[in-house]
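The values are calculated or read from the model by the stated rules, or taken from the named source; none is laboratory data. The model shown is predicted, which means the values in this text are computed figures rather than measured ones. A quick note on method: Cβ atoms are made from the backbone with ideal geometry, for glycine too, and the neighbour counts reach across all protein chains shown. What goes into the accessible areas is simple: the full protein's heavy atoms, side chains included, and nothing from ligands, DNA or RNA. Shrake-Rupley method; radii C 1.70, N 1.55, O 1.52, S 1.80 Å.
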Amino acid sequence: MTVQTPERPAVTQEPPRATPPPPTVRAQQPETAEGASPTHLSARGLDLFYGAHQALKKVSIEIPSHSVTAIIGPSGCGKSTLLRSFNRMNDLIPNVRIMGELRVSDIDILAATTDVVELRRRVGMVFQRPNPFPKSIFENVAFGLRMLGLKDRNELEIRVEDSLRRAALWDEVKDRLDRSAMALSGGQQQRLCIARSLAVEPEVLLMDEPASALDPTATARIEELVLDLKARYTIVVVTHNMQQAARISDRTAFMLQGELIEFDDTRRMFTSPHQKLTEDYITGRFG
Amino acid sequence: MTTGSRPLRPGHDAAAFRRHQILRENVIAWILRGCAFSAVAGLLLIVLFVFKEAWPILGDRVTQQEANLAGFFSQPLWQPVSETPKYGFTPLFAGTIKVVLVSMLFAVPIGVLAALFATEFASPRLREILKPCIELLAGIPSVVLGFFGLMVLASWLQPITHAPVRLNAFNAGIALGLGIIPTVFTVCEDALRAVPKSFREASLALGATPWQTAWNVALPAASAGVGAGVLLGLARAVGETMIVLMASGNAAITSGDVFDSARTFSATIAAELAEVVVGSPHYATLFFLGALLFLLTFFINVAAGAFVDRLRRKLAGA
Ligand SMILES: Nc1ncnc2c1ncn2[C@@H]1O[C@H](COP(=O)(O)OP(=O)(O)O)[C@@H](O)[C@H]1O
Ligand SMILES: [Mg+2]
């Protein structure tokens, strides 16, 4: 770390930061939502249109690093759309227009000069339905690494094992790495997809209803995993399950018809929400 | 069922209507059955006819004195109308292999990559133009492709390849390839379109480039269909006659050089059957060639089916 001096050194390795760097290297312990953990992912005045239909309306949100942020709201309110904006997956849909500002760390996500491939490596994504490739378990996890040009078998093996361990799947699959991923159970497939994302060392993990296609046991394992992972990653989870949001997230964002209604500490959100709409939603009056 | 129910309107005899309906269903079912069976019967008749005419090669002593299995495979020359007829398959076999190989090497990469482009890269608008164009190529009668190979392609290619003769295996292979591209393209395109979008999303979300996604995810996931497309293309290449007849030069010479003229099994039958004496050893030999050709394409088709099944099961994780 550079010491603050009146004259900055000519060459700085660190990118410019809005806040002064913390005195220690990153805190490994999860911090409370009120803690000083810096914003990792942010949207400012984000509008998104599918053709003429506006799916996001002036959404502004600041997601702190190394925490779990849940996005809740009724079906069709724009949760997935917001999530997919952070790694520009919406680029794949024709006729999408997006305006406003999105940042991950120091990167301007929407800038024309931003390398989407690099962005997506840094901002990983786990989808609603487990979607492993029809390849072996090993090749699924090694995929992203191979695409980055990693060929050394030894290193691949080390990284695949490491990713599978982090996704709490290693013990279940270590004896059948060369078997097809399609033969795994739904819950295992989803953890494999998480391992696959972790292998390319992202900073952020976006999860779109990662457990909605799974049974309760598999869901519980995914939830545990999410709690484990926040020590190393910034996690944003879309869920329509409010109990799940309450169990796993530090902060919760409530969306309704394309608008971000409220964003707050999860405990406060579920006990004393500020907005009437939020209260109505979490008490089950609509949605 | 009808006894207790109330009539829909006064005077509507539900029972009579139902009787009529059943009769009509039965008649329709019989007509459909007849159509299906007549197609099968046609196939059986053709096979029976071809094998019957080829039979003397295996079962008739007089024919065997002039044309027999041992001769087919040991005799190096194909000269069926000379003083002492020679029925060596070797030159025809060499010609077939060369032409088919050239056509496949030309058509498979183009067909597969064009399908990959259409499904993975082209905008919906471009795809809507591209697809019918390539499929139109399939609608061009092979005699037209043959004519094109004979008159146009040969004149273009010879200055490039410096082949000793205008019409040669390479020329025929390229012309034939034009006829096969649509087969490969169409089957591959279908297979690629059937690949779930979720695979591509997963790949892109991992930081793979569009090309990496197309090549490492979409294509392998569609491999069963791609394999089937290639094998169907192969079956068509082996059986296709008119194009090779017109564009290959038709010289039955045993040579490994693709720039020599060549004659294939199919072109041989087409060229000689019209002038042959019915029932002669030459006639039986041509039918024997036809039977071989039939068996070959039949097995390629069976292999295509088995291949697709196996890959499908493998991809599904069995
Ligand atoms: N590809 C698309 N094309 C057009 N409209 C879309 C598309 N995807 C989503 N939408 C619309 O955008 C809105 C938000 O969708 P989405 O973000 O998927 O909601 P959620 O994930 O909260 O259920 C919905 O009204 C939906 O119909
Ligand atoms: Mg959604």
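Tabulated data for the structure shown
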| quantity | calculated |
| --- | --- |
| Those residues of the range B:264-311 which are loosely packed, with under 15 Cβ neighbours inside 10 Å and either within 14 Å of chain A (Cβ to nearest Cβ) or modelled with pLDDT of 95 or more (or both), in sequence order | B:Arg310 |
| Qualifying residues in the range A:90-102 (those that are at pLDDT 95 or above and under 19 Å from the mean Cα position of the chain (by Cα)) - the one farthest from the other protein chains (Cβ to nearest Cβ) | A:Glu101 |
| Total residues in the range A:103-129, condition over 25 Å from A:Gln190 (Cα atoms) and facing chain B (nearest Cβ under 10 Å) | 1 |
| Pair list, Cβ under 8 Å, 6 or more apart: the range A:77-100 residue open to solvent by less than 60 Å² (accessible area, probe 1.4 Å), other residue among the basic types (Lys, Arg) and within 15 Å of ligand 2 (Cβ to nearest atom) | A:Asn90/A:Arg84 |
| Total residues in the range A:256-287, condition more than 17 Å from the chain's Cα centre (by Cα) and part of a strand (DSSP E or B) | 7 |
| Among (1) outside the structural domain of B:His282 (by TED's automatic domain parsing); (2) in contact with a Lys or Arg (Cβ under 8 Å, 6 or more places away or on another chain), the one test that B:Leu44 misses | (2) |
| Some residue of the range A:205-219 being open to solvent by less than 10 Å² (accessible area, probe 1.4 Å), at negative phi and away from ligand 2 (no atom under 16 Å from the Cβ) | yes |
| Some residue of the range A:188-198 being closer than 22 Å to A:Arg267 by Cα and away from ligand 1 (no atom under 16 Å from the Cβ) | no |
| Count of residues meeting criterion [under 22 Å from A:Lys174 (Cβ atoms), charged (D, E, K, R) and either open to solvent by less than 20 Å² (accessible area, probe 1.4 Å) or assigned to a loop (DSSP other than H, G, I, E, B) (or both)] in the range A:116-159 | 2 |
| Residue within the range A:217-236 that is small (Gly, Ala, Ser) and within 12 Å of chain B (Cβ to nearest Cβ) present | no |
| Any hit, the range A:172-187, residues being out of contact with any helix residue (DSSP H, G or I) (no Cβ under 7 Å at 6 or more places or on another chain) and within 16 Å of ligand 1 (Cβ to nearest atom) | no |
| Some residue of the range B:235-256 being of a type in the set (Gly, Ala, Ser) and under 30 Å from B:Lys197 (Cβ atoms) | no |
| Subset tally (residues that are in contact with a Pro (Cβ under 8 Å, 6 or more places away or on another chain), under 19 Å from B:Glu272 (Cα atoms) and open to solvent by less than 70 Å² (accessible area, probe 1.4 Å)) for the range B:58-76 | 2 |
| Unique residue being touching a Leu at 6+ places or on another chain (Cβ under 8 Å) and of a type in the set (Lys, Arg) when the list is A:Arg191, A:Arg176 | A:Arg191 |
| Sole residue being of a type in the set (Asp, Glu) and either more than 30 Å from B:Ala247 (Cα to Cα) or not in a helix (DSSP H, G or I) (or both), chosen from B:Glu53, B:Glu25 | B:Glu25 |
| Selected residue (only one of A:Gly73, A:Gly100, A:Gly45 is farther than 25 Å from A:Asp228 by Cβ and within 13 Å of ligand 1 (Cβ to nearest atom)) | A:Gly73 |
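So that you can scan it fast, the table gives a plain yes or no per residue for (1) surrounded by 20 or more Cβ atoms within 10 Å (Cβ to Cβ); (2) under 30 Å from A:Leu83 (Cβ atoms):
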position	(1), (2)
B:Leu145	yes, no
B:Val184	yes, no
B:Ala205	yes, yes
B:Pro210	no, yes
B:Thr213	yes, yes
B:Leu219	yes, yes
B:Val230	yes, no
B:Gly233	yes, no
